[in-house]
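A short write-up of the structure that comes next.
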Amino acid sequence: MKARQHAEVVAGCTFTLVAEEYCAKRKRDGSGAWGPATAARCEYLLSLLDGSIGKLPIADIAPIDVLEAVRRIERKGNLESARRTLQLAGAVFRYGVATARITSDPTRDLRGAMLTPKVTHYGAITEPEKVGELLRAIGSYEGLGITKQAQLLAARRAAPRLVERDRSR
């Protein structure tokens, strides 16, 4: 009797249903709770899987199903979104394991199966003289005041010691 009830409950658990439950949990997860922007982004990425694995019972989803779903995103050139979606799907599957809906995470064996997005590194100012030039350029900016303040804040956060050293001159 108990095994049959468990089987009925598990059969009705689609990937989308478990993903929604997981997202709701993460939104109220104490000090590690998702903020509104993170929650919206994660819910959007998981919604990209609705057309492929979303309506399938979570217990019936195989690694190849997940791989094909994220490869659809990858083929559109959205490599980072595909990578992040795979990570989130893995989190949903692990939540499914933790809540006794499935026995293992099918994404576990997909590590390294996706293309790696090219990382762009942006230069940083490391010389005090250059920080001074930047601050003078920001000082002569004649646009919106809030934009000027944001630029000053960004410069301060990027190189706090260099900014302080330049101001003391």
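The values are calculated or read from the model by the stated rules, or taken from the named source; none is laboratory data. Note that this is a predicted model, so its numbers are computed, not measured. Neighbour counts run over all protein chains shown; Cβ positions are idealised from the backbone, glycine included. Please note that ligands, DNA and RNA were not included when accessible areas were found on the heavy atoms of the full protein model with its side chains. Shrake-Rupley method; radii C 1.70, N 1.55, O 1.52, S 1.80 Å.
Which length gain, in nm to one decimal place, applies between Asp60 and Ala137 when the Cα-Cα distance is subtracted from 0.36 nm times their residue separation? Mind dumping the intermediate values first?
Details: separation 77, 0.36 × 77 = 27.72 nm, distance 5.92 nm.
Contour length minus Cα-Cα distance gives 21.8 nm.
Between 0 and 90 degrees, rounded to the nearest ten: what's the tilt of helix 2-11 against the longest Cα principal axis of the chain?
Helix 2-11 and the main axis of the chain meet at about 50 degrees.
For the range 105-120, in order, what is each residue's ³J(HN,Hα) by Karplus, 6.51 cos²θ - 1.76 cosθ + 1.60 with θ = phi - 60°, in whole Hz (x at glycine and Pro)?
8, x, 7, 3, 8, 9, 4, x, 7, 9, 5, 8, x, 6, 8, 9
By per-residue mean of other Cβ atoms within 10 Å, what is the highest-first order of 123-134, 54-65, 83-94?
Working: 123-134: 13.5, 54-65: 15.6, 83-94: 20.3.
Ranked from most to least packed, the peptides come out as 83-94, 54-65, 123-134.
Among (i) 16.0; (ii) 17.1; (iii) 19.5, which one is Kirkwood radius over Cα pairs in Å computed from these coordinates?
(iii)
May I ask you to give the percent of accessible area on the range 1-124 that is carbon plus sulfur, with a probe radius of 1.4 Å?
Working: 4140 of 7500 Å².
Carbon and sulfur atoms account for 55 percent of the accessible area of the range 1-124.
With everything on Cα atoms, drop me the angle between helix 63-75 and the longest principal axis of the chain, reported from 0 to 90° to the nearest 10.
Taking the Cα atoms of the chain, the angle to 63-75 is about 40 degrees.
Amide H neighbours of Thr14 under 5 Å, counting only residues 5+ apart in sequence or on other chains, H built in-plane at 1.01 Å?
For Thr14, the qualifying residues are Ile58.
Which angle between 0 and 90 degrees, to the nearest 10, do you get for helix 79-98 versus the longest principal axis of the chain when only C-alpha atoms count?
Tilt relative to the chain: about 50 degrees.
Can you work out the Karplus-derived ³J(HN,Hα) for every residue in the range 17-26? Use 6.51 cos²θ - 1.76 cosθ + 1.60 with θ = phi - 60°, whole Hz, and x for glycine or proline.
Values per residue, Gly and Pro as x: 4, 5, 5, 4, 5, 4, 5, 4, 4, 5 Hz.
Say each of Val97 and Glu68 gets a label point 7 Å from the Cα, pointing the same way as Cα to Cβ; how far apart are those two points in nm?
Simple spin-label model gives 2.4 nm for this pair.
Report, in whole Å, the centroid distance computed from the Cα atoms of the range 91-109 and the range 9-44.
Each part reduced to its Cα centre gives a spacing of 14 Å.
Separation between the Asp50 and Glu21 pseudo-spin-labels, each 7 Å from Cα along Cα→Cβ, expressed in nm?
Going from the Asp50 label point to the Glu21 one covers 1.9 nm.
Place a point 7 Å from the Cα of Ala39 along the Cα-to-Cβ direction; which residues of the range 84-98 have their backbone N under 16 Å from it?
Correct set: none at all.
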